[in-house]
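Undergrad: This is the structure, below, for whatever I ask next.
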Amino acid sequence: MSILKFLGLEKAPDESSEGDTETVRKIVAQLESMSPERARFVAAFAYTLSRVANADLEIDEAETRAMEHIVAQVGELPEDQAVLAVQIAKSQARLFGGTENFLVTREFKEISSAEERRRLLDCLFAVSAADGAISSEEELQVKRIASELGFSHQKMVEIRSTWNHKRAILKNLPGGN
């Protein structure tokens with residue numbers, strides 16, 4: 001299954017591709033050359049990052065760049081493929097977030113190892129902190145995702161503690177950053 005088909009963006013065979021540029025066609029071909037399992041992993045990973053970035057209903061430039069960097073690293077993708085995967089994931093999160101969130105996270109849980117899920121959780125905090133602070137909305141979204149991935153509250157708090165210096169709720173306390 002192609003990443004575009006997995007994310008619901010693959011064109012039907014009879015649809016025109018007049019608007020496609022040569023660059024886009026090459027990137028799509030490269031993504032489709034991935035194994036179906038790897039494409040599903042990258043798609044679910046990128047979508048879940050977008051889910052957190054969109055928690056406050058705005059995905060800013062810093063969050064986008066952080067997602068692109070993370071997807072390139074974790075997915076072992078060239079930058080152009082990571083950019084495409086993130087753009088698709090962002091669009092899908094904005095359009096179908098409410099209905100797809102749990103389904104995609106459940107899919108990621110099924111196809112990933114415990115270490116990959118742990119890494120995703122840390123990456124969620126990294127994306128949330130990309131703009132300088134982890135908002136309450138982003139933190140709540142990470143908590144939901146952690147639960148959906150099977151993390152205990154204690155484990156989520158342990159992972160979150162490494163990001164305390166970026167948590168908006170703590171910055172407002174006396175002695176906060």
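Rundown of residues vs (1) under 20 Å from residue 31 (Cβ atoms); (2) surrounded by 20 or more Cβ atoms within 10 Å (Cβ to Cβ); (3) in contact with a strand residue (DSSP E or B) (Cβ under 8 Å, 6 or more places away or on another chain), yes/no style:
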{"position": "53", "(1), (2), (3)": "no, yes, no"}
{"position": "76", "(1), (2), (3)": "yes, no, no"}
{"position": "83", "(1), (2), (3)": "yes, no, no"}
{"position": "91", "(1), (2), (3)": "yes, no, no"}
{"position": "99", "(1), (2), (3)": "no, no, no"}
{"position": "110", "(1), (2), (3)": "no, no, no"}
{"position": "146", "(1), (2), (3)": "no, yes, no"}
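Undergrad: Quick one: how many residues across the stretch 139-164 are under 20 Å from residue 107 (Cβ atoms) and basic (Lys, Arg)?
TA: Adding up the residues that qualify gives 2.
Undergrad: Could you grab me the full set of residues in the stretch 63-76 that are at pLDDT 90 or above and over 14 Å from residue 138 (Cα atoms)? Walk me through how you get there before you give the answer.
TA: Pass one, the stretch 63-76, residues at pLDDT 90 or above: 63-74.
64, 65, 66, 67, 68, 69, 70, 71, 72, 73, 74, listed by residue number.
Undergrad: If I filter the stretch 86-102 down to residues being modelled with pLDDT under 90 and aliphatic (A, V, I, L, M), which single residue comes out as nearest to residue 120 (Cα to Cα)?
TA: 89
Undergrad: If I ask for residues that are more than 13 Å from residue 124 (Cα to Cα), open to solvent by less than 40 Å² (accessible area, probe 1.4 Å) and in contact with a Gly (Cβ under 9 Å, 6 or more places away or on another chain), which ones from the stretch 38-51 would you list?
TA: Selection gives 41, 42.
Undergrad: Return yes or no: is residue 33 hydroxyl-bearing (Ser, Thr, Tyr) and open to solvent by less than 30 Å² (accessible area, probe 1.4 Å)?
TA: no
Undergrad: Test residue 60 against the stated conditions and say whether it is modelled with pLDDT under 90 and of a type in the set (Asp, Glu). Break it down into steps so the answer makes sense when it comes.
TA: Numbers: modelled with pLDDT under 90: no; of a type in the set (Asp, Glu): yes.
In short, no.
Undergrad: Still on this structure, I have one more. Against the conditions (1) free of Cβ contacts under 8 Å to residues at least 24 places away in the same chain; (2) touching a strand residue (DSSP E or B) at 6+ places or on another chain (Cβ under 8 Å), where does residue 134 fall short? Just the number, please.
TA: Condition not satisfied by residue 134: (1).
Undergrad: Against the condition hydrophobic (A, V, I, L, M, F, W, C), out of contact with any Gly (no Cβ under 7 Å at 6 or more places or on another chain) and over 22 Å from residue 31 (Cα atoms), how does residue 151 come out, does it pass?
TA: Here the answer is yes, as residue 151 does meet what is asked.
The values are calculated or read from the model by the stated rules, or taken from the named source; none is laboratory data. Given the structure is predicted, the values throughout are model-derived calculations rather than measurements. Because the Cβ atoms are built from the backbone with ideal geometry, glycine has one as well, and the counts that use them run over all protein chains shown. Side chains included, ligands, DNA and RNA excluded: accessible areas come from the protein's heavy atoms. Shrake-Rupley method; radii C 1.70, N 1.55, O 1.52, S 1.80 Å.
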